[in-house]
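The block underneath contains the structure these notes are about, expressed in structure tokens.
The values are calculated or read from the model by the stated rules, or taken from the named source; none is laboratory data. It should be emphasised that the depicted structure is a prediction, and the values quoted were computed from it without experimental measurement. For neighbour counting, all protein chains shown are included, and Cβ atoms are generated from backbone atoms with ideal geometry for every residue, glycine included. Accessible surface areas use protein heavy atoms only, side chains included; no ligands, DNA or RNA. Shrake-Rupley method; radii C 1.70, N 1.55, O 1.52, S 1.80 Å.
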Amino acid sequence: MPAVDKLLLEEALQDSPQTRSLLSVFEEDAGTLTDYTNQLLQAMQRVYGAQNEMCLATQQLSKQLLAYEKQNFALGKGDEEVISTLHYFSKVVDEVKTEIVKEVAAARRKQHLSSLQYYCALNALQYRKRVAMMEPMLGFAHGQINFFKKGAEMFSQSMDSFLASVADMVQSIQVELEAEAEKMQASQQELLSLEEAVYTPDFDVAAPQINRNLIQKAGYLNLRNKTGLVTTTWERLYFFTQGGNLMCQPRGAVAGGLIQDLDNCSVMAVDCEDRRYCFQITTPNGKAGIILQAESRKENEEWICAINNISRQIYLTDNPEAVAIKLNQTALQAVTPITSFAKKQESPCPSQNMKNSEVENDKIVPKAAVIPEAEQLIAPGTPIQFDIVLPATEFLDQNRGSRRINPFGETEDETFPETEDSLLQQMFIVRFLGSMAVKTDNTTEVIYEAMRQVLAARAIHNIFRMTESHLMVTSQALRLIDPQTQVTRANFELTSVTQFAAHQENKRLVGFVVRMPESTGGESLSTYVFESNSEGEKICYAINLGKEIIEVQKDPEALAQLMLSIPLTNDGKYVLLNDQPDDNDGSPSENRGAESEA
């Protein structure tokens, strides 16, 4: 006998679109069987009604024969033989009627039994549909044989053997059905014996077990759609990753479609007015993409980790799981002060100041590179700021001249009129990772150590939210501008930037050290760490060029030579080339703007 199609009970909880499509096929099959069975029942009801009518007609005939002797005939002599004959014939008719009633009762009982066997569970219907059509016919055939005496001659020995084989097949199917029902019952009990946490969202919200090494992910998410200027709707869809693409399969669709290319994109948690556990995917060019909502904190962070791993194109490596584990372990190594963040280039940058070299016999002899300890760079237990906070001195500068200030540290573009007169303007899309106070600004190692501690703290405390800004590099200052409102979040004078460097492995990480005066008369040092959409070396090159412009502004001839080497835009502003600088100009990944001893 061919195998019977079955629904997998293990997929009932996930309720994926594939499972729903298969369930619709089962429901369509059950509907076809129901229609056919109703038509068969109508035909058998017609036969049942005809048999009832025949029984009533036979009973009426018997009564009519017995009523002959009660008739008052005018000539009634010699009718005794007719009366006795009619009495005998009526007795025969009554006996036939009694047999008919018994056979009808037997046929009704068999039909009732067949009806009881018809109503069963949906999964058992796949077996019953082979029985429900044959068993009623089998009972009906036996009833017809017993009801009609002459009908027995029509059934030969081969018909009897066929009916016996059908009965054996029905019995074997029944045995198989009982065994399959026991298996399904055991499987159902096993699936229902799971912990209540499987059905409860955020059951481990305090300390969720998050897998940060995922390179593929699938599940239901809520997609945010804009329906007007200020109104939005959320649609629950099935999302899954396929290679470097984010796919979506709507309800009723056979296959999924492309939603977002995840290569080189960025993802971060965002706050929505009416939803929690939301995250946003941003394209490589900085354009805001889609906003999705997960069902729990664990799902939210696993989706963010999976998209981050895919955006790094880990899936193209030979062993993507091992690469993802290695990258995440590197981010979690927060207890060891010497990490990949402290690696230096083998050859020192020619544009570094003379603090790292000595003069011997009119020759510059580099000193031996000494990597300071982490405690010498950053004090243990220094708090990390994950939001942009404007230094207090900025409020003092903005308040001079009786100018009204914004208490939130944000200023309009009119606050910085020197931008129009700046010789250099370059815009970069960055995301703020964190800032912290440092003890020294004599080496770029302090920036690498700050990067290590900021990224490690984000990984340990599950912080994925990042503030995106536009970093404007001019020949006077560094400005962080809100991309939506175009207000300035923070402003750093270029002369206060004492160190800047890009990470030597993750080219998109960049940081700089700012020296700011305090109200008590001293100075404070803070390191700011960012993630850029482009290479961090380009930002370092722009900062270095701005500091060079400041250096040569005192010498008109040197300033003219420097300006001739920089291309102009249509409005007369100086911009940077996309190409990397020459080796003679120095490496852009190191700080070329340190304070000169000359």
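Going from most exposed to least, what order do Ile314, Ile83 have by accessible area with a 1.4 Å probe?
On the way: Ile314 5, Ile83 45 Å².
The most accessible residue leads, giving Ile83, Ile314.
Please report the net charge: other residues with Cβ closer than 15 Å to the Cβ of Ala324, K and R +1, D and E -1. Mind showing how you got there, number by number?
Values: positive: Arg212, Lys217, Arg312, Lys326; negative: Glu301, Glu302, Asp318, Glu321.
Around Ala324, the surrounding residues sum to 0.
Judged by the mean number of other Cβ atoms found within 10 Å, the most tightly packed of the peptides 160-166, 105-111, 437-443 leads the ranking 437-443, 105-111, 160-166. Packing here is the average count of other Cβ atoms within 10 Å per residue, and on that basis the peptides 451-461, 534-544, highest first, run 534-544, 451-461.
Counting Lys and Arg as +1 and Asp and Glu as -1, what is the net charge of the other residues whose Cβ lies under 13 Å from the Cβ of Asn245?
Net charge around Asn245: -1.
With a Förster radius of 60 Å applied to the C-beta separation of Leu40 and Tyr199, the computed FRET efficiency comes to 0.90. Applying a threshold of 28 Å to the alpha-carbon distances of Lys226/Lys326; Lys287/Lys439; Lys110/Lys183; Lys507/Lys547; Lys217/Lys287; Lys298/Lys538 flags Lys226/Lys326; Lys287/Lys439; Lys110/Lys183; Lys298/Lys538 as lying beyond it.
Rounded, prolate or oblate: pick one for the stretch 508-557, where a ≥ b ≥ c are the square roots of the eigenvalues of its C-alpha gyration tensor, a/c under 1.5 means rounded, and failing that, prolate if a/b is larger than b/c, else oblate. Oblate is the answer for the stretch 508-557, as a/c is 1.5 or above yet b/c matches or exceeds a/b. Shown is the FRET efficiency for Leu22 and Gln209, computed with R0 = 30 Å from the Cβ-Cβ distance and rounded to the nearest 0.05: 0.45. Distance between the modelled labels on Ala105 and Lys287, one decimal in nanometres: 8.5 nm (7 Å Cα→Cβ projection). Could you compute the net charge surrounding Leu113? Neighbours are other residues with a C-beta less than 15 Å from the C-beta of Leu113; K and R count +1, D and E count -1. Value of the local net charge: +3.
Cβ-Cβ distance of Gln188 and Val92, R₀ of 41 Å, FRET efficiency by 1/(1 + (r/R0)^6): the value works out to about 0.10. In this simple spin-label model, placing a label point 7 Å from the Cα along the Cα-to-Cβ direction at both His142 and Cys55 gives a separation of 1.9 nm.
Ordering of 184-193, 240-249 by packing is 240-249, 184-193, highest average first (other Cβ atoms within 10 Å, averaged per residue).
What does the C-alpha gyration tensor say about the overall shape of the stretch 277-318? Classify as rounded when a/c is under 1.5, otherwise prolate if a/b is larger than b/c, or oblate. Display every interim value, and only then the final one.
Numbers: a/c = 3.90, a/b = 1.21, b/c = 3.21.
Oblate, since a/c reaches 1.5 and b/c is not below a/b.
Averaging Cα coordinates gives a centre for the stretch 426-495 and one for the stretch 45-64; these two points are 99 Å apart.
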